[in-house]
1. Which of the pairs A:Lys126/B:Lys81; A:Lys49/B:Lys21; B:Lys75/B:Lys118; A:Lys126/B:Lys140 have their Cα atoms more than 22 Å apart in this structure?
2. Which of A:Tyr132, A:Tyr47 has the fewest other C-beta atoms within 10 Å, and how do the rest follow up to the most?
3. Once you put a point 7 Å from the Cα of B:Ala177 and another 7 Å from the Cα of B:Arg248, both along the Cβ direction, what distance in nm separates them?
4. Enumerate the lysines that B:Lys134 could reach by cross-link, defined here as Cα to Cα under 16 Å, with residues fewer than 8 away along the same chain left out.
5. Which distance in nm do the two modelled labels at A:Leu53 and B:Thr230 give, with both placed 7 Å along the Cα-to-Cβ direction?
6. Take the Cβ-Cβ distance between A:Ala29 and A:Arg119 as r, set R0 to 30 Å, and report the resulting FRET efficiency rounded to the nearest 0.05.
7. Hand me the trypsin sites (Lys or Arg not before Pro) from the range A:1-82 located in a DSSP loop with no more than 15 other Cβ atoms within 10 Å, in residue order please.
8. What lysines could a cross-link reach from A:Lys14, if we take a straight Cα to Cα line under 29 Å and drop same-chain neighbours fewer than 8 places away?
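Where a number appears in this text, it was derived from the coordinates with a stated rule and is not lab data. All values reported here derive from a predicted model rather than from experimental measurement. Cβ placement follows ideal geometry from the backbone for every residue including glycine, while neighbour counts extend to all protein chains displayed.
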Amino acid sequence: MEHVWDFSALLNNKQLLLIGLRNTLILAAVCLGLGLFFGMLVGAARYSKKPLLYWPSTVFVEVFRNTPVLVQIMWFFFAFPIISPFDIDAFSAATLGLTLNTTAFSSEIYRAGIRSIERGQWEAGKALGMSYGEQLRRVILPQAVQRMLPAFMNRAVELLKMTSLASVIAYPELMYQAKIISTIEFNPIEMYTSVALMFFAIVFPLALLVQRFELKHKAR
Amino acid sequence: MEEVLRIEDLHKSFADLAVLKGIDLAVNRGETIVILGASGSGKSTLLRCVNFMEIPSSGRIVMNGRAVGRAVDGKQTYSEKELTRLRARVGMVFQHFNLFPHMTARENVMEGPRTVLKLDPAECARRADTYLDKVGLAWKADAHPSELSGGQQQRIAIARALAMEPEVMLFDEATSALDPELVGEVLGTMKELADEGMTMLIVTHELGFAYTVADRVLFLSEGRILEQGTPAEVLTYPTQEGTKNFLRGHGSFRLPEPQLD
Ligand SMILES: Nc1ncnc2c1ncn2[C@@H]1O[C@H](COP(=O)(O)OP(=O)(O)OP(=O)(O)O)[C@@H](O)[C@H]1O
Ligand SMILES: [Mg+2]
């Protein structure tokens, strides 16, 4: 079958697509920020010797790492409101799912990053008279964050791609907008091609950056 | 003579492994004490109990006449705050230097005064200059540890500890990780400190250094002080079989002395 490519409908719906793009970026940024923050706390809890911190955080991480994000998002949108007193909109459900997923993965990055610093570094800080917090802040984290940076950027890449899952609960991000437009305009080929290209244009530079970083790190 | 540090009936066990089995030692201000002993005899553990990198199982550490911790039901208990304060008054130099790689030499030296003592920037800078100069590395102030030789790194580590202006300095095999040609410069720095009246506890296998620099030599065996005295007494005329065996096994005693100046 011969297909005649026609992108004119795209331009007519430019506004809708831009809204989608904006929502995609907002969702990714919010979930990344929250995920990195909570990931640090959960990572610290998993580092703890106290069972009350260690076990819940470990269960949390394993649950969210080992279930599909799509299921998590659906669960927060359809199941969570039934068992909880709150109503939840599509943005909140998507944010919850993606944030908790990012939290789980990034907590592992923090943990591995901190683990990778030799014990002698802690000891040197301690011997100077630093408190545990000072050792972490002045000695360990500055070194660990450098090693963690490529992994965090990889997380951002994954997260950007995962935002498209929010379309299943009608959150108007790029993918959902494309679906709407294509049903109105009957142009799924142009629509989804464009969305793929838009994602590629955002994600690819980021992925390149990660690669450069990793190379630089290896070279050192 | 003024006593700076007293160790009283110190015991330390790891799980059911008893490592220190009753150490008593009084250290006078300005004294240089070298601790010898076979591998596993507890030398590192002894040093690490002095600045509470390890918490003693029993016994007391007395600094400047005041016991560290509080006696509760006949056992010393310690608050974390008290221990960090104590550690700030005791300098420690490690076998593997443990410099902070993300900081320059100067920043390494300033880190304690800045973060722990919370001194103002001018005083931090003064200390950095003073102690970098003391170890002869003012010209390397802006280098990162990775750009320094092992000997230079260890001297920066010594400066970092000195910048806290500690009452006692602990050296745990400070030259063991160094290439032989770099040992001399670090021992030289340590000798200068001893000559200037720093109070030092030094674990080392450099018997020549012990002989010329120590005021007192201790021989540790299986968690106890088997023998102690002047370098001549312990190294030249040992009385205990354990000490004699150790010295026999130490051919390096007969090597030429390192150049210390
Ligand atoms: N944190 C620890 N946990 C368990 N055992 C330990 C610990 N630290 C030291 N030990 C054990 O205590 C004993 C004494 O160790 P220590 O490091 O004090 O000996 P050392 O005299 O410094 O030996 P070396 O000359 O090899 O450095 C060893 O058997 C060691 O395995
Ligand atoms: Mg040792």
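1. Working: A:Lys126/B:Lys81 12 Å; A:Lys49/B:Lys21 29 Å; B:Lys75/B:Lys118 33 Å; A:Lys126/B:Lys140 25 Å.
In this structure, A:Lys49/B:Lys21; B:Lys75/B:Lys118; A:Lys126/B:Lys140 lie more than 22 Å apart at Cα.
2. Working: A:Tyr132 13, A:Tyr47 16.
Ordered from fewest to most neighbouring Cβ atoms within 10 Å, A:Tyr132, A:Tyr47 come out as A:Tyr132, A:Tyr47.
3. For B:Ala177 paired with B:Arg248, the spin-label model returns 3.4 nm.
4. By straight Cα distance, B:Lys134 reaches B:Lys191.
5. Going by the 7 Å Cα→Cβ label model, 5.4 nm.
6. Working: r = 36 Å, r/R0 = 1.21.
It comes to 0.25.
7. Numbers: sites: A:Lys14, A:Arg22, A:Arg46, A:Lys49, A:Arg65; in loops: A:Lys49.
Passing both the DSSP loop test and the Cβ count: A:Lys49.
8. A:Lys161, A:Lys179
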